[in-house]
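Below: the structure, in C-alpha coordinates.
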Amino acid sequence: MTQLDAGPTAFEVNFDGLVGPTHNYGGLARGNIASGNNAGLVASPKLAALQGLEKMKALADRGLKQAVLPPHDRPHVSTLRRLGFTGTSDADVLSRALARSPEIVQGVYSASNMWVANAATVSPYPDTVDGKTHFTTANLSSMFHRSIEAPTTERILKSIFTGGSYQHHSALPAGAHFSDEGAANHSRLCVDYGHAGVEFFVYGASAFNKAAPRPARFPARQTLEACQAIARHHGLQDDRCVFAQQNPEAIDAGVFHNDVIAVANANVLFYHQQAFLNTDQVRSQLDAAYRALKLPDGSGIHFIEVPAMEVPIEDAVNSYLFNSQLLRMPGKQGTTIIVPLECKHLRRVHDYLQWLEADHPAIDEVIYFDLRQSMRNGGGPACLRLRVVMSEQQIQDCKARVFMDDALYEDLVAWVNRHYRDELSAQDLHDPALMQESQTALDELVGLLRLQTDQSGPVYDFQR
(Lines give C-alpha, C1' and ligand atoms only; values in the text may rest on other atoms or scores of the structure.)
Protein backbone atom coordinates (compact mmCIF):
# COMPACT_ATOMS: atom_id res chain seq x y z
CA MET A 1 0.00 0.00 0.00
CA THR A 2 1.35 3.41 -0.91
CA GLN A 3 1.47 6.33 1.48
CA LEU A 4 -1.26 7.99 -0.58
CA ASP A 5 -4.14 5.76 -1.60
CA ALA A 6 -4.24 5.39 -5.36
CA GLY A 7 -7.64 6.12 -6.83
CA PRO A 8 -9.67 8.14 -9.33
CA THR A 9 -9.77 11.25 -7.08
CA ALA A 10 -6.28 12.21 -8.22
CA PHE A 11 -5.86 15.06 -10.70
CA GLU A 12 -3.32 15.83 -13.37
CA VAL A 13 -2.37 19.40 -12.53
CA ASN A 14 -0.84 21.55 -15.24
CA PHE A 15 1.81 23.84 -13.75
CA ASP A 16 2.45 26.47 -16.41
CA GLY A 17 5.62 28.52 -16.49
CA LEU A 18 5.08 32.25 -16.08
CA VAL A 19 7.09 34.09 -18.75
CA GLY A 20 9.87 36.17 -17.19
CA PRO A 21 10.51 39.92 -17.52
CA THR A 22 13.54 39.40 -19.79
CA HIS A 23 11.76 37.39 -22.50
CA ASN A 24 13.63 38.08 -25.75
CA TYR A 25 14.44 36.47 -29.08
CA GLY A 26 18.07 35.47 -28.73
CA GLY A 27 18.02 32.49 -31.12
CA LEU A 28 20.14 30.50 -28.67
CA ALA A 29 18.69 27.01 -29.13
CA ARG A 30 20.45 25.08 -31.87
CA GLY A 31 18.05 22.62 -33.49
CA ASN A 32 15.01 24.72 -32.60
CA ILE A 33 14.04 26.11 -36.01
CA ALA A 34 11.60 28.74 -34.74
CA SER A 35 14.16 30.05 -32.27
CA GLY A 36 16.76 30.41 -35.00
CA ASN A 37 14.44 31.90 -37.60
CA ASN A 38 13.15 34.62 -35.26
CA ALA A 39 16.45 35.59 -33.66
CA GLY A 40 16.77 39.34 -33.31
CA LEU A 41 13.08 40.21 -33.47
CA VAL A 42 11.71 42.62 -30.90
CA ALA A 43 9.85 40.68 -28.19
CA SER A 44 7.08 41.78 -25.85
CA PRO A 45 7.64 40.33 -22.35
CA LYS A 46 4.35 41.83 -21.18
CA LEU A 47 2.30 40.32 -24.01
CA ALA A 48 4.07 36.96 -23.64
CA ALA A 49 3.24 36.76 -19.92
CA LEU A 50 -0.36 37.86 -20.46
CA GLN A 51 -0.87 35.30 -23.25
CA GLY A 52 0.34 32.54 -20.94
CA LEU A 53 -1.86 33.73 -18.08
CA GLU A 54 -4.86 33.86 -20.37
CA LYS A 55 -4.39 30.20 -21.27
CA MET A 56 -4.01 29.24 -17.61
CA LYS A 57 -7.16 31.12 -16.62
CA ALA A 58 -9.21 29.70 -19.50
CA LEU A 59 -8.34 26.13 -18.53
CA ALA A 60 -9.00 26.80 -14.85
CA ASP A 61 -12.40 28.25 -15.78
CA ARG A 62 -13.21 24.96 -17.52
CA GLY A 63 -12.75 23.12 -14.23
CA LEU A 64 -9.19 21.86 -14.64
CA LYS A 65 -6.62 22.01 -11.86
CA GLN A 66 -4.29 24.70 -13.15
CA ALA A 67 -1.27 26.18 -11.37
CA VAL A 68 1.70 28.42 -12.09
CA LEU A 69 5.47 28.14 -11.71
CA PRO A 70 7.47 31.36 -11.31
CA PRO A 71 10.22 32.52 -13.69
CA HIS A 72 13.91 32.47 -12.80
CA ASP A 73 16.01 35.47 -11.89
CA ARG A 74 17.59 36.93 -15.01
CA PRO A 75 20.23 38.05 -15.72
CA HIS A 76 21.77 35.23 -13.70
CA VAL A 77 24.65 37.13 -12.14
CA SER A 78 25.81 34.09 -10.16
CA THR A 79 26.78 32.45 -13.46
CA LEU A 80 28.75 35.52 -14.49
CA ARG A 81 30.65 35.37 -11.20
CA ARG A 82 31.38 31.67 -11.76
CA LEU A 83 32.83 32.61 -15.14
CA GLY A 84 35.28 35.04 -13.59
CA PHE A 85 33.52 38.39 -13.84
CA THR A 86 33.93 40.32 -10.60
CA GLY A 87 32.56 43.42 -8.95
CA THR A 88 31.34 44.85 -5.67
CA SER A 89 27.74 44.71 -6.87
CA ASP A 90 25.63 42.79 -9.35
CA ALA A 91 25.56 45.87 -11.55
CA ASP A 92 29.38 45.99 -11.63
CA VAL A 93 29.58 42.32 -12.58
CA LEU A 94 27.02 42.75 -15.36
CA SER A 95 28.75 45.87 -16.70
CA ARG A 96 32.12 44.10 -16.96
CA ALA A 97 30.57 41.07 -18.62
CA LEU A 98 28.79 43.26 -21.17
CA ALA A 99 32.06 44.99 -22.01
CA ARG A 100 34.01 41.77 -22.50
CA SER A 101 31.57 39.00 -23.46
CA PRO A 102 28.13 40.20 -24.59
CA GLU A 103 27.42 36.72 -25.97
CA ILE A 104 27.62 35.26 -22.46
CA VAL A 105 25.36 38.02 -21.14
CA GLN A 106 22.76 37.12 -23.76
CA GLY A 107 22.76 33.58 -22.37
CA VAL A 108 22.30 34.62 -18.73
CA TYR A 109 19.42 36.91 -19.74
CA SER A 110 17.50 34.13 -21.49
CA ALA A 111 13.97 33.55 -20.18
CA SER A 112 13.93 29.98 -21.55
CA ASN A 113 13.02 28.65 -18.10
CA MET A 114 9.44 29.64 -19.00
CA TRP A 115 9.21 26.29 -20.82
CA VAL A 116 8.78 24.23 -17.68
CA ALA A 117 8.23 21.01 -19.62
CA ASN A 118 12.02 20.97 -19.39
CA ALA A 119 12.14 21.72 -15.66
CA ALA A 120 12.03 18.13 -14.39
CA THR A 121 10.76 14.61 -14.87
CA VAL A 122 7.91 13.69 -12.54
CA SER A 123 6.74 10.21 -11.51
CA PRO A 124 3.54 10.25 -9.46
CA TYR A 125 2.97 8.26 -6.30
CA PRO A 126 0.90 5.43 -7.91
CA ASP A 127 3.93 4.42 -10.01
CA THR A 128 6.74 4.45 -7.45
CA VAL A 129 7.78 1.70 -5.05
CA ASP A 130 7.82 4.03 -2.03
CA GLY A 131 4.46 5.64 -2.81
CA LYS A 132 5.94 9.11 -3.12
CA THR A 133 5.89 11.55 -6.02
CA HIS A 134 9.43 11.84 -7.37
CA PHE A 135 10.99 14.84 -9.11
CA THR A 136 14.33 14.82 -10.92
CA THR A 137 15.43 18.29 -11.96
CA ALA A 138 16.66 18.36 -15.57
CA ASN A 139 20.33 19.21 -16.11
CA LEU A 140 19.70 20.71 -19.59
CA SER A 141 23.41 20.29 -20.21
CA SER A 142 23.27 20.48 -24.01
CA MET A 143 22.76 24.28 -24.09
CA PHE A 144 24.67 26.86 -22.01
CA HIS A 145 21.72 29.20 -21.48
CA ARG A 146 19.62 26.34 -20.11
CA SER A 147 22.33 24.48 -18.23
CA ILE A 148 22.31 27.22 -15.57
CA GLU A 149 18.66 26.58 -14.64
CA ALA A 150 18.86 23.45 -12.47
CA PRO A 151 19.69 24.92 -9.02
CA THR A 152 16.90 27.51 -9.16
CA THR A 153 14.45 24.98 -10.60
CA GLU A 154 15.15 22.60 -7.74
CA ARG A 155 14.59 25.32 -5.13
CA ILE A 156 11.32 26.37 -6.78
CA LEU A 157 10.02 22.80 -6.87
CA LYS A 158 10.99 22.25 -3.24
CA SER A 159 9.24 25.48 -2.24
CA ILE A 160 5.94 24.28 -3.73
CA PHE A 161 6.01 20.49 -3.35
CA THR A 162 6.76 20.16 0.35
CA GLY A 163 6.20 17.39 2.87
CA GLY A 164 6.70 13.68 3.17
CA SER A 165 4.75 12.68 0.06
CA TYR A 166 7.47 14.06 -2.26
CA GLN A 167 11.01 13.00 -3.06
CA HIS A 168 13.28 15.50 -4.83
CA HIS A 169 16.37 14.42 -6.77
CA SER A 170 19.06 16.80 -7.95
CA ALA A 171 20.00 16.97 -11.62
CA LEU A 172 22.00 14.12 -13.14
CA PRO A 173 25.73 14.69 -13.78
CA ALA A 174 26.27 17.28 -16.48
CA GLY A 175 27.76 16.33 -19.82
CA ALA A 176 26.78 14.53 -22.98
CA HIS A 177 26.37 11.05 -21.48
CA PHE A 178 23.50 11.95 -19.14
CA SER A 179 21.97 14.88 -20.97
CA ASP A 180 18.44 15.27 -19.64
CA GLU A 181 15.78 17.72 -20.81
CA GLY A 182 12.96 16.70 -18.50
CA ALA A 183 9.30 15.98 -19.10
CA ALA A 184 9.47 17.12 -22.73
CA ASN A 185 10.78 13.59 -23.38
CA HIS A 186 8.59 11.75 -20.87
CA SER A 187 4.92 10.79 -20.88
CA ARG A 188 2.62 8.62 -18.84
CA LEU A 189 -0.22 6.36 -19.99
CA CYS A 190 -2.93 5.27 -17.53
CA VAL A 191 -6.62 4.61 -17.18
CA ASP A 192 -7.02 7.10 -14.30
CA TYR A 193 -4.43 9.50 -12.93
CA GLY A 194 -4.57 7.98 -9.45
CA HIS A 195 -3.92 4.43 -10.67
CA ALA A 196 -0.60 2.93 -11.70
CA GLY A 197 0.48 3.81 -15.21
CA VAL A 198 3.11 3.16 -17.87
CA GLU A 199 5.98 5.65 -17.90
CA PHE A 200 7.16 6.34 -21.45
CA PHE A 201 10.70 7.69 -21.88
CA VAL A 202 11.86 8.89 -25.29
CA TYR A 203 15.54 9.55 -26.03
CA GLY A 204 17.48 10.95 -28.96
CA ALA A 205 20.58 8.76 -28.78
CA SER A 206 22.46 6.26 -26.66
CA ALA A 207 25.60 7.87 -25.25
CA PHE A 208 27.59 4.67 -24.75
CA ASN A 209 26.42 2.70 -27.79
CA LYS A 210 28.24 4.47 -30.59
CA ALA A 211 26.85 2.03 -33.15
CA ALA A 212 23.25 3.08 -32.45
CA PRO A 213 21.53 5.49 -34.85
CA ARG A 214 21.85 9.21 -34.09
CA PRO A 215 21.02 12.49 -35.82
CA ALA A 216 23.59 14.03 -38.15
CA ARG A 217 22.57 17.69 -38.25
CA PHE A 218 21.27 18.65 -34.80
CA PRO A 219 22.11 17.38 -31.30
CA ALA A 220 20.18 14.62 -29.56
CA ARG A 221 19.39 16.36 -26.30
CA GLN A 222 18.11 13.36 -24.31
CA THR A 223 20.10 10.18 -23.80
CA LEU A 224 18.91 6.67 -23.06
CA GLU A 225 21.29 6.58 -20.11
CA ALA A 226 19.66 9.66 -18.55
CA CYS A 227 16.21 8.10 -18.91
CA GLN A 228 17.35 4.87 -17.28
CA ALA A 229 18.97 6.76 -14.39
CA ILE A 230 15.77 8.70 -13.72
CA ALA A 231 13.70 5.49 -13.72
CA ARG A 232 16.09 4.05 -11.11
CA HIS A 233 15.92 7.19 -8.96
CA HIS A 234 12.13 7.15 -9.07
CA GLY A 235 11.81 3.50 -8.13
CA LEU A 236 9.83 2.51 -11.21
CA GLN A 237 9.03 -1.10 -12.08
CA ASP A 238 10.80 -2.44 -15.16
CA ASP A 239 7.66 -3.92 -16.69
CA ARG A 240 5.88 -0.56 -16.45
CA CYS A 241 8.55 1.45 -18.27
CA VAL A 242 9.11 1.76 -22.00
CA PHE A 243 12.23 3.38 -23.50
CA ALA A 244 11.91 4.41 -27.15
CA GLN A 245 14.26 6.22 -29.50
CA GLN A 246 13.26 9.27 -31.50
CA ASN A 247 13.62 9.03 -35.24
CA PRO A 248 17.01 10.70 -35.93
CA GLU A 249 15.63 12.11 -39.18
CA ALA A 250 12.90 13.87 -37.17
CA ILE A 251 15.51 15.48 -34.90
CA ASP A 252 17.38 16.72 -37.96
CA ALA A 253 14.08 18.16 -39.25
CA GLY A 254 13.75 20.32 -36.11
CA VAL A 255 12.15 17.92 -33.60
CA PHE A 256 14.50 18.83 -30.77
CA HIS A 257 12.27 17.26 -28.08
CA ASN A 258 9.82 14.39 -28.28
CA ASP A 259 6.96 16.74 -27.34
CA VAL A 260 7.38 18.44 -30.71
CA ILE A 261 6.32 15.20 -32.45
CA ALA A 262 4.25 13.23 -29.88
CA VAL A 263 2.09 13.79 -26.81
CA ALA A 264 0.21 11.45 -24.48
CA ASN A 265 -2.44 11.76 -21.82
CA ALA A 266 -4.43 9.14 -19.95
CA ASN A 267 -4.75 6.27 -22.46
CA VAL A 268 -4.25 8.33 -25.65
CA LEU A 269 -0.96 8.62 -27.55
CA PHE A 270 -1.03 11.21 -30.35
CA TYR A 271 2.06 11.07 -32.57
CA HIS A 272 3.43 11.60 -36.05
CA GLN A 273 4.21 8.64 -38.28
CA GLN A 274 7.91 9.62 -38.24
CA ALA A 275 8.18 10.25 -34.49
CA PHE A 276 9.92 7.05 -33.42
CA LEU A 277 12.52 4.62 -34.59
CA ASN A 278 10.83 1.20 -35.01
CA THR A 279 7.27 2.44 -34.38
CA ASP A 280 5.72 -1.03 -34.47
CA GLN A 281 8.07 -2.22 -31.75
CA VAL A 282 7.32 0.86 -29.62
CA ARG A 283 3.58 0.25 -29.88
CA SER A 284 4.02 -3.42 -29.02
CA GLN A 285 6.08 -2.57 -25.93
CA LEU A 286 3.57 0.03 -24.78
CA ASP A 287 0.70 -2.42 -25.25
CA ALA A 288 2.53 -5.09 -23.24
CA ALA A 289 3.36 -2.68 -20.42
CA TYR A 290 -0.21 -1.40 -20.35
CA ARG A 291 -1.57 -4.97 -20.16
CA ALA A 292 0.80 -5.58 -17.23
CA LEU A 293 -1.25 -3.03 -15.26
CA LYS A 294 -4.01 -5.70 -15.24
CA LEU A 295 -6.83 -3.20 -15.55
CA PRO A 296 -10.21 -4.68 -14.60
CA ASP A 297 -12.00 -3.21 -17.63
CA GLY A 298 -9.41 -4.57 -20.06
CA SER A 299 -9.02 -1.19 -21.75
CA GLY A 300 -6.05 -0.46 -23.97
CA ILE A 301 -4.14 2.47 -25.44
CA HIS A 302 -5.72 4.65 -28.14
CA PHE A 303 -2.96 5.21 -30.70
CA ILE A 304 -3.57 8.18 -33.00
CA GLU A 305 -0.89 8.09 -35.69
CA VAL A 306 -0.84 11.07 -38.03
CA PRO A 307 0.33 9.98 -41.51
CA ALA A 308 3.16 11.94 -43.12
CA MET A 309 1.10 12.11 -46.32
CA GLU A 310 -1.58 14.12 -44.48
CA VAL A 311 0.70 16.24 -42.29
CA PRO A 312 4.34 16.40 -43.49
CA ILE A 313 6.90 16.63 -40.74
CA GLU A 314 7.82 20.19 -41.71
CA ASP A 315 4.18 21.21 -41.14
CA ALA A 316 4.19 19.48 -37.79
CA VAL A 317 7.31 21.42 -36.77
CA ASN A 318 6.09 24.77 -38.11
CA SER A 319 2.65 24.49 -36.52
CA TYR A 320 3.65 22.71 -33.30
CA LEU A 321 0.66 20.43 -33.81
CA PHE A 322 2.12 17.84 -31.42
CA ASN A 323 3.32 20.37 -28.87
CA SER A 324 -0.30 20.42 -27.85
CA GLN A 325 -1.94 19.56 -24.58
CA LEU A 326 -4.22 16.55 -24.37
CA LEU A 327 -6.69 17.13 -21.55
CA ARG A 328 -9.59 15.34 -19.93
CA MET A 329 -12.15 18.07 -19.36
CA PRO A 330 -14.56 17.64 -16.45
CA GLY A 331 -17.89 16.31 -17.65
CA LYS A 332 -16.53 15.06 -20.98
CA GLN A 333 -15.80 11.49 -21.99
CA GLY A 334 -13.11 12.04 -24.59
CA THR A 335 -9.97 14.12 -24.96
CA THR A 336 -9.65 17.84 -25.64
CA ILE A 337 -6.65 19.10 -27.61
CA ILE A 338 -5.14 22.50 -26.88
CA VAL A 339 -3.15 23.77 -29.89
CA PRO A 340 -1.45 27.04 -30.86
CA LEU A 341 -3.21 29.39 -33.25
CA GLU A 342 -0.53 28.62 -35.86
CA CYS A 343 -2.30 25.30 -36.47
CA LYS A 344 -5.10 27.23 -38.18
CA HIS A 345 -2.69 28.85 -40.60
CA LEU A 346 -1.37 25.66 -42.22
CA ARG A 347 -4.11 24.12 -44.33
CA ARG A 348 -3.13 20.48 -43.98
CA VAL A 349 -2.76 20.76 -40.20
CA HIS A 350 -6.08 22.56 -39.85
CA ASP A 351 -7.84 20.03 -42.10
CA TYR A 352 -6.50 17.18 -40.00
CA LEU A 353 -7.60 18.81 -36.74
CA GLN A 354 -11.06 19.40 -38.14
CA TRP A 355 -11.28 15.72 -39.04
CA LEU A 356 -10.11 14.69 -35.56
CA GLU A 357 -12.70 16.88 -33.88
CA ALA A 358 -15.54 15.73 -36.10
CA ASP A 359 -14.84 12.04 -36.62
CA HIS A 360 -12.32 10.53 -34.19
CA PRO A 361 -14.04 8.74 -31.27
CA ALA A 362 -11.30 9.60 -28.77
CA ILE A 363 -11.28 13.36 -29.46
CA ASP A 364 -14.03 15.68 -28.22
CA GLU A 365 -12.78 19.14 -29.02
CA VAL A 366 -9.89 21.22 -30.41
CA ILE A 367 -9.20 24.61 -28.77
CA TYR A 368 -6.84 27.20 -30.26
CA PHE A 369 -4.78 29.66 -28.21
CA ASP A 370 -2.72 32.65 -29.27
CA LEU A 371 0.74 32.00 -27.81
CA ARG A 372 2.63 33.80 -30.54
CA GLN A 373 5.29 35.28 -28.26
CA SER A 374 6.28 31.82 -27.02
CA MET A 375 5.88 30.19 -30.42
CA ARG A 376 8.35 32.58 -32.05
CA ASN A 377 10.96 31.32 -29.63
CA GLY A 378 10.09 27.70 -30.29
CA GLY A 379 7.70 26.78 -27.49
CA GLY A 380 4.03 25.86 -27.76
CA PRO A 381 1.32 24.94 -25.24
CA ALA A 382 3.01 21.73 -24.06
CA CYS A 383 6.39 23.43 -23.60
CA LEU A 384 4.81 25.86 -21.17
CA ARG A 385 3.55 23.28 -18.70
CA LEU A 386 4.82 20.63 -16.30
CA ARG A 387 2.26 17.95 -15.45
CA VAL A 388 2.06 16.73 -11.85
CA VAL A 389 -0.45 14.11 -10.70
CA MET A 390 -1.69 15.19 -7.27
CA SER A 391 -4.15 13.72 -4.81
CA GLU A 392 -6.78 15.83 -3.06
CA GLN A 393 -4.60 15.66 0.04
CA GLN A 394 -1.51 16.93 -1.78
CA ILE A 395 -3.46 19.83 -3.27
CA GLN A 396 -4.91 20.78 0.10
CA ASP A 397 -1.49 20.56 1.76
CA CYS A 398 0.15 22.90 -0.77
CA LYS A 399 0.93 26.12 1.10
CA ALA A 400 2.15 28.08 -1.90
CA ARG A 401 -0.42 30.27 -3.64
CA VAL A 402 0.02 28.79 -7.09
CA PHE A 403 -3.38 27.33 -8.00
CA MET A 404 -5.14 29.53 -10.53
CA ASP A 405 -8.37 31.25 -9.53
CA ASP A 406 -9.94 34.64 -10.22
CA ALA A 407 -8.00 36.41 -7.47
CA LEU A 408 -4.60 34.99 -8.38
CA TYR A 409 -5.18 35.73 -12.06
CA GLU A 410 -6.06 39.35 -11.33
CA ASP A 411 -3.05 39.74 -9.03
CA LEU A 412 -0.64 38.26 -11.59
CA VAL A 413 -2.01 40.35 -14.45
CA ALA A 414 -1.63 43.48 -12.33
CA TRP A 415 1.89 42.39 -11.36
CA VAL A 416 2.87 41.89 -15.01
CA ASN A 417 1.41 45.26 -16.00
CA ARG A 418 3.39 46.96 -13.22
CA HIS A 419 6.76 45.41 -13.93
CA TYR A 420 7.10 44.19 -17.53
CA ARG A 421 8.23 46.09 -20.56
CA ASP A 422 6.05 46.29 -23.64
CA GLU A 423 9.05 45.67 -25.90
CA LEU A 424 12.50 44.16 -25.50
CA SER A 425 15.21 43.97 -28.14
CA ALA A 426 18.69 42.48 -28.04
CA GLN A 427 20.10 45.97 -27.52
CA ASP A 428 17.88 46.46 -24.46
CA LEU A 429 19.85 43.74 -22.68
CA HIS A 430 22.60 46.35 -22.35
CA ASP A 431 20.33 48.57 -20.26
CA PRO A 432 21.49 48.29 -16.63
CA ALA A 433 17.98 49.20 -15.44
CA LEU A 434 16.57 45.93 -16.82
CA MET A 435 18.30 43.84 -14.15
CA GLN A 436 16.93 46.01 -11.35
CA GLU A 437 13.45 45.90 -12.87
CA SER A 438 13.57 42.10 -13.04
CA GLN A 439 14.86 41.66 -9.48
CA THR A 440 12.26 44.06 -8.07
CA ALA A 441 9.48 42.17 -9.87
CA LEU A 442 10.62 38.73 -8.70
CA ASP A 443 11.15 39.90 -5.13
CA GLU A 444 7.49 40.92 -5.09
CA LEU A 445 6.39 37.70 -6.80
CA VAL A 446 7.88 35.51 -4.07
CA GLY A 447 5.53 37.11 -1.58
CA LEU A 448 2.56 37.08 -3.94
CA LEU A 449 2.94 33.32 -4.52
CA ARG A 450 3.93 32.63 -0.90
CA LEU A 451 6.94 30.62 -1.95
CA GLN A 452 8.52 28.97 1.07
CA THR A 453 12.18 28.44 1.74
CA ASP A 454 13.86 25.45 3.33
CA GLN A 455 17.39 24.93 4.57
CA SER A 456 18.68 25.73 1.08
CA GLY A 457 17.61 29.35 1.54
CA PRO A 458 15.64 31.81 -0.65
CA VAL A 459 14.46 30.81 -4.11
CA TYR A 460 16.48 33.39 -6.06
CA ASP A 461 20.23 33.93 -5.98
CA PHE A 462 19.94 37.74 -5.75
CA GLN A 463 17.97 37.27 -2.50
CA ARG A 464 20.58 35.02 -0.92
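ARG96 fails exactly one of the following numbered conditions: (1) assigned to a helix (DSSP H, G or I); (2) open to solvent by 10 Å² or more (accessible area, probe 1.4 Å); (3) closer than 26 Å to HIS257 by Cβ. What is the number of that condition?
(3)
Can you pull out the residues in the stretch 28-50 that are over 18 Å from TRP115 (Cβ atoms) and buried (at least 19 other Cβ atoms within 10 Å of the Cβ)?
LYS46 - this is the single residue of the stretch 28-50 that is over 18 Å from TRP115 (Cβ atoms) and buried (at least 19 other Cβ atoms within 10 Å of the Cβ).
Given LEU321, LEU327, LEU286, which one is open to solvent by less than 10 Å² (accessible area, probe 1.4 Å), touching a Cys at 6+ places or on another chain (Cβ under 6 Å) and modelled with pLDDT of 95 or more?
LEU321 is the lone residue from the list that is open to solvent by less than 10 Å² (accessible area, probe 1.4 Å), touching a Cys at 6+ places or on another chain (Cβ under 6 Å) and modelled with pLDDT of 95 or more.
Within the stretch 378-399, can one find any residue that is open to solvent by 10 Å² or more (accessible area, probe 1.4 Å), assigned to a helix (DSSP H, G or I), in contact with a Lys or Arg (Cβ under 9 Å, 6 or more places away or on another chain) and among the β-branched types (Val, Ile, Thr)?
yes
Identify the single condition in (1) in contact with a Ser or Thr (Cβ under 9 Å, 6 or more places away or on another chain); (2) in a helix (DSSP H, G or I); (3) crowded, with 22+ Cβ neighbours inside 10 Å that LEU412 does not satisfy, given that it satisfies every other one.
Among (1) in contact with a Ser or Thr (Cβ under 9 Å, 6 or more places away or on another chain); (2) in a helix (DSSP H, G or I); (3) crowded, with 22+ Cβ neighbours inside 10 Å, the lone unmet condition for LEU412 is (1).
Going by what's in this entry, would ARG418 be described as under 26 Å from PRO312 (Cα atoms) and open to solvent by 70 Å² or more (accessible area, probe 1.4 Å)? Outline the logic, then answer.
Values: under 26 Å from PRO312 (Cα atoms): no; open to solvent by 70 Å² or more (accessible area, probe 1.4 Å): yes.
Considered against the rule, which asks whether it is under 26 Å from PRO312 (Cα atoms) and open to solvent by 70 Å² or more (accessible area, probe 1.4 Å), ARG418 comes out as no.
Answer yes if at least one residue in the stretch 425-439 is within 20 Å of LEU69 (Cβ to Cβ) and within 22 Å of the chain's Cα centre (by Cα), and no otherwise.
Step one: filter the stretch 425-439 for residues within 20 Å of LEU69 (Cβ to Cβ), giving 438-439.
Restricting the remaining residues to those that are within 22 Å of the chain's Cα centre (by Cα) gives none.
Checked against the condition, which is being within 20 Å of LEU69 (Cβ to Cβ) and within 22 Å of the chain's Cα centre (by Cα), the stretch 425-439 yields no hits at all.
Go over the candidates GLU365, GLU423 one by one and state the one that is open to solvent by 30 Å² or more (accessible area, probe 1.4 Å), touching a Ser or Thr at 6+ places or on another chain (Cβ under 7 Å) and either β-branched (Val, Ile, Thr) or under 30 Å from PHE270 (Cα atoms) (or both).
Within the list GLU365, GLU423, the selection yields GLU365.
Could you check how many residues of the stretch 289-312 are open to solvent by less than 80 Å² (accessible area, probe 1.4 Å) and either part of a loop (DSSP other than H, G, I, E, B) or touching a Gly at 6+ places or on another chain (Cβ under 8 Å) (or both)?
12
Go through the stretch 265-283 residue by residue and tally those that are buried (at least 20 other Cβ atoms within 10 Å of the Cβ), among the aliphatic types (A, V, I, L, M) and not in a strand (DSSP E or B).
3
Give GLN237, GLN228, GLN245 a once-over and let me know the one that is within 30 Å of LEU295 (Cβ to Cβ) and either within 19 Å of the chain's Cα centre (by Cα) or open to solvent by less than 30 Å² (accessible area, probe 1.4 Å) (or both).
GLN245 is the lone residue from the list that is within 30 Å of LEU295 (Cβ to Cβ) and either within 19 Å of the chain's Cα centre (by Cα) or open to solvent by less than 30 Å² (accessible area, probe 1.4 Å) (or both).
Here is a list of conditions, (1) outside any strand (DSSP E or B); (2) within 21 Å of GLY380 (Cβ to Cβ), and ASN209 meets all of them except one; can you say which number that is?
(2)
Could you please find all residues in the stretch 46-73 being over 19 Å from the mean Cα position of the chain (by Cα) and within 18 Å of LEU448 (Cβ to Cβ)?
LYS46 - this is the single residue of the stretch 46-73 that is over 19 Å from the mean Cα position of the chain (by Cα) and within 18 Å of LEU448 (Cβ to Cβ).
Name the residue that is most open to solvent (accessible area, probe 1.4 Å), counting only residues in the stretch 201-225 that are in contact (Cβ under 8 Å) with a residue 24 or more places away in the chain and basic (Lys, Arg).
Ranking the qualifying residues of the stretch 201-225, first place goes to ARG217.
Taking the conditions exactly as written (closer than 26 Å to VAL389 by Cα and surrounded by fewer than 20 Cβ atoms within 10 Å (Cβ to Cβ)), does ALA262 satisfy them or not?
no
Looking at GLY163, is it in a loop (DSSP other than H, G, I, E, B) and open to solvent by less than 10 Å² (accessible area, probe 1.4 Å)?
No, not satisfied.
Of all residues in the stretch 368-377, how many are outside any loop (DSSP other than H, G, I, E, B) and touching a residue at least 60 places away in the same chain (Cβ under 8 Å)?
Selection size over the stretch 368-377: 5.
Identify, please: which residue in the stretch 426-459 is open to solvent by 30 Å² or more (accessible area, probe 1.4 Å) and among the hydroxyl-bearing types (Ser, Thr, Tyr) and is, among those, nearest to VAL42 (Cα to Cα)?
The extreme case among them is THR440.
Return the only residue of LEU83, LEU69, LEU53 being open to solvent by 30 Å² or more (accessible area, probe 1.4 Å), modelled with pLDDT of 95 or more and of a type outside the set (Lys, Arg).
LEU83
Among what's in the stretch 212-225 and is touching a strand residue (DSSP E or B) at 6+ places or on another chain (Cβ under 8 Å) and not in a helix (DSSP H, G or I), pick the residue that is farthest from TYR290 (Cα to Cα).
Top of the filtered list is PRO215.
The values are calculated or read from the model by the stated rules, or taken from the named source; none is laboratory data. Values in this document were obtained by computation on a predicted structure and should not be read as measured data. Ideal geometry is used to build each Cβ from the backbone, glycine not excepted, and the neighbour counts take in all protein chains shown. Side chains are part of the model used for accessible areas, which takes the heavy atoms of the whole protein and leaves out ligands, DNA and RNA. Shrake-Rupley method; radii C 1.70, N 1.55, O 1.52, S 1.80 Å.
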